[in-house]
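Here, each number is a calculation from the coordinates, and none is a lab measurement. On a predicted model such as this, the values are computed, not experimentally measured, just so you know. Neighbour counts run over all protein chains shown; Cβ positions are idealised from the backbone, glycine included.
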Amino acid sequence: MGRLAAELGLPFDDRSDDQRDEVMLTLDRVLCDLVPIGVVAYESEGFTIEYPATARRFREESLASLWPPIRSGYLAAEDEAFLTALASLSEYPGMHHADVAEIAAEDVFATLGWEWDGPRAASVYRNLNEQGLLAGSMFPGYSIRARVTYAGLVRALPEADPDPGRPPTRRARGRPKGSRAVTRDQIVTTFRAMRTQFGRAPTQGELCRRLEPRIEVRTLRDALDAYGLPWPIE
């Protein structure tokens with residue numbers, strides 16, 4: 001684990017115990033997410049990492065080769081919406097690395113504008129957890145906390161291009177120029193998630209940096225005009 005941290009630019013040397021624990025937790029979550037898709041063999045809170053035979057392909061292929069099957073599975077509309085909102089809320093940027101935090105299901109419902117419903121939240125949680133798209137915990141009384149997994153991020157960001165070298169696809173008619181990968185729903189969902197996280201409306205610059213792919217402020221303004229969205233978004 002220490003060697004991996006060093007290779008990622010997160011060495012343990014000269015770190016406090018709290019800082020070292022933070023790095024360990026970040027790597028632990030990443031490694032646990034990669035186990036189900038055959039990239040590594042690892043047990044949570046372990047200190048060694050092994051590579052199964054299924055990982056050999058990634059000497060020649062990128063992890064992006066796994067994206068199509070992850071995206072092709074069926075998800076009910078409410079499961080998809082919950083996952084997208086959770087992905088935006090879970091992001092926890094750091095100085096040298098990013099992590100994902102566990103978010104209360106109530107906050108995800110609030111971001112989506114849904115009335116809180118414990119049984120409904122439990123059903124959505126189970127659906128997504130069984131497919132490896134989120135991880136977390138659920139306690140009696142519908143106390144649910146969850147974070148998005150690697151597979152969940154891939155599913156929640158379907159417009160990311162796994163092959164940036166290929167010729168660009170033709171822009172759909174009616175989309176604002178320069179924002180073919182940024183939809184109306186993506187802008188609205190990300191804005192609401194950031195407002196919940198920050199306790200205030202994000203600036204246009206902050207929203208642009210959070211969107212995937214990132215866009216310029218002028219492109220965001222073109223998108224707001226094209227989609228008929230006010231600022232700040234309601």
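Brief remarks on what is shown
- Remark on segment 75-156: hydrodynamic radius 12.5 angstrom, per the Kirkwood mean of 1/r across alpha carbon pairs.
- Here the label points at Arg126 and Glu50, each 7 Å from Cα along the C-beta direction, are separated by 3.4 nm in the simple model.
- Shown here are the Rg and Dmax of the Cα trace of segment 184-227, at 9.7, 27 Å.
- Spin-label model distance (nm) - Arg200 vs Arg15, 7 Å beyond Cα toward Cβ: 3.1
- Computed from the C-beta positions of Ala6 and Arg218 and an R0 of 35 Å, the FRET efficiency is 0.30 to the nearest 0.05.
- Per-residue HN-Hα couplings for segment 18-25 [Karplus 6.51, -1.76, 1.60; θ = phi - 60°; Hz; x = Gly/Pro]: 5, 5, 5, 5, 5, 5, 4, 5
- Candidates Asp14, Asp117, Asp79, ranked by Gaussian network fluctuation over the chain, Cα under 10 Å, top entry: Asp14
- Hydrodynamic estimate: the Kirkwood radius of segment 7-53 over Cα pairs, inserted into Stokes-Einstein at 4 °C and 1.567 mPa s, corresponds to D of 113 µm²/s.
- Fluctuation leader among Thr54, Thr183, Thr196 - the chain, Gaussian network, Cα springs under 10 angstrom: Thr54
- Extension gain from Asp28 to Asp107, taking 0.36 nm per residue of separation minus the Cα-Cα distance: 26.0 nm
- Computed over the chain, the quotient of the alpha carbon radius of gyration and 2.2 N^0.38 Å is 1.08.
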